[in-house]
Amino acid sequence: MSFKKVTTGNHAVSYAVWSSRVQVISAYPITPQTQIVELLSEIVAEGQLDAIFINVESEHSAMAACIGAAATGARAFTATSAQGLALMHEMLHWAAGARLPIVLANVNRAMAPPWSVWTDQNDALAQRDTGWMQIYNESNQEVYDSVIIGYKVAEQVRLPFMTVLDAFVLSHTSEPVEILTQEEVDEFLPPREFDPKFYSIDLNDPRGYGLLTMPSDYYEFRYKVQIAHEKALEVYKREVELFAEIFGRKYGVFEEFMLDDADYVLVTSATLTSDAKYAVKKLREKGIKIGVLKMRLFRPFPFEDIRRVLGDRKKVAVIDRNIGFGHHGIFYQEIKSALYPLEKRPPVFGYIIGIGGRDVTPADIEDIVDDMLKREEMTEIIWKGVRL
Amino acid sequence: MNPRQGKFRVVVDEERCKACGICIKACPKNVFDQREDGLAVVAREEDCIGCHICDRLCPDFAITVVEKGDKPLSDEEVTKLNIARNYVRSYVPRFVWCPGCGIGIVFQGIVRAVHQLGIPKDKIVMVSGIGCTGRMPGYADFNTLHTTHGRALAFATGIKLANPELHVIVVMGDGDSVAIGGNHFIHAARRNLDVTAVVINNGIYGMTGGQVAPTTPTGRRATTAPYGNPEPPFDICKLAEGAGANFVARLSTHQAYMPIFTKIIAKAIQKEGFSLVEVLSQCPTYYGRFNIVEDPYKMLQWLKEHTYMKGRKPKHEGDFVLGVLYESDREGLVKVLNRWREEKINASAK
Ligand SMILES: Cc1ncc(C[n+]2csc(CCOP(=O)(O)OP(=O)(O)O)c2C)c(N)n1
């Protein structure tokens, strides 16, 4: 039987990696991620998880080692944050281009300079176009489940999968998490089997990987990554349904909160969603018909679902804990572009908040709603609480 | 009675002391007592013989020892005479390092070396990567640059070649310099880049909480090596020598009160080309607690016991040799590039 454990977001990742019977873990320490791999190194050293733990000399090497391991058919994992993820960037392209189902946990941390260890999303969102799937989490339970679901999807579509959790708010904060037994996880995600048909390095059938291609071929490789993403959306939807059937926890591409009759929608992601939900409940008492759409799956991006859910609302406010410099908040850009093909579409307002871990409170969200209700047209980026 | 006794003023700055206890245990004349909250207090100033073991081993620059003058000085006046303190930015209340960390001891060695050489503060650029060691440029009253993990030497290359007038001192942890930054390290040495690299080797990744590093001795424990490190460590000095450094020395923090400590750092700063000073240092919080002892003073004693000066014999297998280990007079990169410009480019332009 599964059991509840009070645990941090970081350790929820470690337990999920254990549950997923990962075979190779390679990592380099970085705050606020380090606890993930520290616990894993213990679990491996104690023989509880039959895996190889590789201490490497940088994140670049960590991802390279995962790529090597995954290419032999092993289930591979690494975790990182901010600078570490940025240093991995070259290898992220490689993992996706080589179509390897690696899972990575990224603890969102602001990029330097100036140095910060607190949360915002620019580190992960800067990896948007590497070909990785990405999912954002609001709770430690979501974090735990996302790793297991991640492998299940990744291995079917042969794309790497990144699960993203906020620094400290999740990584270092304890919540009750239902930990599944090995048998339960095995039923959903069977142990990885050697599959020589695909990309696995097989001594009996030697092949070359990553070789130089001419313009006559390269183009199709990229096309196939895109097709895999399109397929991944379907596979993800199918797998979360299966997951819900077995374990009772239902995840969609996003979460809808008080949306049924909502005229106004706040689009959020990650932990500030909890503040938004709290604020929305209060605003509902005042008679404002408002709800929350919490983004979970960011890549592949669920265009159709977004259009279906947001299409005929009165107004939409997107709250971004990130900034696409020279443009707008990144979720804002994406939501707006998703709505563009609709003939009738709501005005979308973009708010930036909580960069570098600045606290976000329900009162801030209420302010945002007040502001949105007053506005008619989107004219500028709104930097909530910025000191000028 | 020792004829030097009674001639010194000793002051502990309460605002800076972090109660590591090093001075209390290291003082040969038992000048200090420990307050209930752990802070050191001067109890028997008249017994001080001015050996400077306490102030040089103080990681927090909290102790000042000066010879008594004609006129009696207040504690504040004594503290103002602390040379090392003049190299700390005035707004820094105290260092963030754990009590008894060796990094502050090395920091003091560096600023005292700069003081001895008489180099103006503005002619020094201190560059660090990331780590506990990387915090030093936040405190040092030089031009400073706190860069990314492992890349300090790459930033320093740009600084030195753009403005060769500057003395560039690069402070790095062992992880910073030879794990993630290993490539820059060997190439700075190969090119004989005219900078002084001070590597503070505590055998572990300190800042992230005690993970195994490429310098962790085989068998030693870390959070990511719960049963000990199976791999062999780097010998940082041999690495530098092999890669082409002009000056290679190893020190240990327990030597900080000996003149040789600052002398070798000063020599490294003056030397043309790439100079490396590796300082073996204590991380009581992680390396010490996991492997030897948590007490900073006992860690210093351990370092003393397990190191030996070049030319002497080690006591145990795996002991570390100290001193200037290698020196050569290869032309430094700045001169090479200037000469090249003169000989090749300017000549062909004519
Ligand atoms: C690219 C990148 N990876 C990882 C980190 C996290 N990190 C910060 S300091 C550090 C190691 C510190 O160890 P060391 O260099 O030996 O210095 P010490 O803290 O012991 O002085 C690590 C891994 C980072 N800042 N950037």
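Dimensions of the stretch B:1-126 based on its C-alpha atoms, expressed as ranges along the principal axes with the largest first, amount to 45, 35, 23 Å. Just the number, please: percent antiparallel of the DSSP beta bridges in chain A, rounded to the nearest 5. If I count the DSSP bridges inside chain A, around 25 percent turn out antiparallel. Computed from the Cβ-Cβ distance with R0 of 22 Å, the FRET efficiency linking A:Y218 to A:D129 stands at 0.85. Shape class of the stretch A:1-65 from the alpha-carbon gyration tensor: oblate, with a/c at 1.5 or above and b/c at least as large as a/b. Using the average count of surrounding beta-carbon atoms within 10 Å as a protection proxy, the listed peptides B:24-31, A:213-220 rank, highest first, as B:24-31, A:213-220.
If you run the Gaussian network model on chain A, springs between alpha carbon atoms under 10 Å, then out of A:A45, A:A270, A:A27 the most flexible one is A:A45.
Using Cα-only point scatterers and the Debye equation, what is log10 of I(q)/I(0) for the stretch B:188-344 at each q in 0.13, 0.15 Å⁻¹, rounded to two decimals? Evaluating at q = 0.13, 0.15 Å⁻¹ gives log10 I(q)/I(0) of -0.65, -0.82. For a test of the definition: using alpha carbon positions, the gyration tensor, and the 1.5 limit on a/c, classify the protein assembly as shown as rounded, prolate or oblate. Since a/c reaches 1.5 and a/b is larger than b/c, the shape of the protein assembly as shown is classed as prolate.
Treating r as the C-beta distance of A:D370 and A:E175 and R0 as 30 Å, the FRET efficiency rounds to 0.50.
Distance check, please: which entries in A:K237/A:K289; B:K160/B:K350; A:K294/A:K314; A:K152/A:K281; A:K289/A:K344 exceed 23 angstrom between their Cα atoms? Listed pairs above 23 Å: A:K237/A:K289; B:K160/B:K350; A:K152/A:K281. Kirkwood hydrodynamic radius computed over chain B comes to 20.9 Å, based on all pairs of distinct alpha carbons. Dividing the summed helix terms, -39500 (n - 2.57) for each DSSP H run of n ≥ 4, by the number of residues in chain B produces a 222 nm estimate of -7500 deg cm²/dmol to the nearest 500.
Ranking of A:M63, A:M88 by neighbouring Cβ atoms within 10 Å, starting from the fewest: A:M88, A:M63. Net charge of the neighbourhood of B:H306, taken over other residues with C-beta under 14 Å away and scored Lys/Arg +1, Asp/Glu -1, is +4. Shape call for the stretch A:254-383 from the C-alpha gyration tensor, a ≥ b ≥ c root eigenvalues: rounded (a/c under 1.5), prolate (a/b greater than b/c) or oblate? Rounded, since a/c falls under 1.5. With each label modelled as a point 7 angstrom along the Cα→C-beta vector, the A:Y209-B:R289 pair spans 4.0 nm. Within the shell of other residues whose beta carbon sits under 14 angstrom from the beta carbon of B:G69, the net charge comes to +2, with Lys and Arg scored +1 and Asp and Glu -1. Helix B:152-162 axis versus longest C-alpha principal axis of chain B: approximately 60°, rounded to the nearest ten.
For chain A, set up a Gaussian network in which alpha carbons nearer than 10 Å are linked by springs, and say which option among A:V225, A:V267, A:V107 fluctuates the most. The residue that fluctuates most here is A:V225. Based on the Stokes-Einstein relation at 20 °C and a viscosity of 1.002 mPa s, and on the Kirkwood radius from alpha carbon pairs, the stretch B:1-43 is assigned a translational diffusion coefficient of 192 µm²/s. Straight distance only, please: which aspartates and glutamates reach the Cα of B:K344 with their own Cα at less than 20 Å, same-chain residues fewer than 8 apart left out? The reachable aspartates and glutamates, counting only those whose Cα sits under 20 Å from B:K344, are B:E331.
Our summary gives the stretch A:190-346 a relative contact order of 19 percent, counting only alpha carbon pairs under 8 angstrom and 6 or more residues apart. Averaged over peptide A:27-35, the number of partner chain Cβ atoms lying within 10 Å of each residue's Cβ comes to 5. Annotation: lysines with alpha-carbon distance below 29 angstrom to B:K315 (same-chain offsets under eight excluded): B:K25, B:K29, B:K238, B:K263, B:K267, B:K298, B:K304. Relative to the longest principal axis of the Cα atoms of chain A, the long axis of helix A:362-374 makes an angle of roughly 60 degrees.
As a length-normalised measure over Cα pairs under 8 Å and 6 or more apart, the relative contact order of chain B settles at 14 percent. Summed over qualifying helices (DSSP H, 4 residues or more, each -39500 (n - 2.57)) and divided by its residue number, chain A shows a 222 nm mean residue ellipticity of -13000 deg cm²/dmol. To the nearest ten degrees, helix A:82-97 and the longest principal axis of the Cα atoms of chain A are 60 degrees apart. Eigenvalues of the alpha-carbon gyration tensor of the stretch A:34-130, scaled by 5 and square-rooted, set the equivalent ellipsoid semi-axes at 23, 18, 10 angstrom, largest first. Largest GNM mean-square fluctuation among B:W97, B:W340, B:W302, using chain B with Cα springs under 10 Å: B:W340. Straight-line cross-link partners of B:K313 among the aspartates and glutamates, defined as a Cα under 15 Å from its Cα and at least 8 positions apart when in the same chain: B:E305. Inter-part distance, the stretch A:293-345 to the stretch B:201-238, computed on C-alpha centroids, equals 47 Å.
Taken over the stretch A:68-223, the convex hull of the Cα atoms encloses 123 Å³ per residue. Positive-end ranking of B:G150, B:P314, B:L276 along the dipole of the stretch B:103-334, with charges on Cβ about the Cα centre, is headed by B:P314.
Other residues with beta-carbon under 15 Å from the beta-carbon of A:Q23 carry, at +1 per Lys or Arg and -1 per Asp or Glu, a net charge of -2.
In the calculated pair-distance distribution of chain A, the portion above 34 angstrom amounts to 27 percent of the Cα-Cα pairs.
Of all beta bridges that DSSP places with both ends in the protein assembly as shown, some 30 percent have antiparallel geometry. Take each residue in B:204-213, count the other chain C-beta atoms within 10 Å of its C-beta, and the mean is 4. What the Cβ-Cβ distance of B:L161 and A:A45 gives, at R0 = 45 Å and to the nearest 0.05, is a FRET efficiency of 0.50.
Read-outs: derived from the displayed coordinates by stated rules, not from any lab. In this text the structure is predicted, and so the values were computed from the model without any measurement. Here the Cβ is made from the backbone with ideal geometry for all residues, glycine too, and neighbour counts use every protein chain on show.
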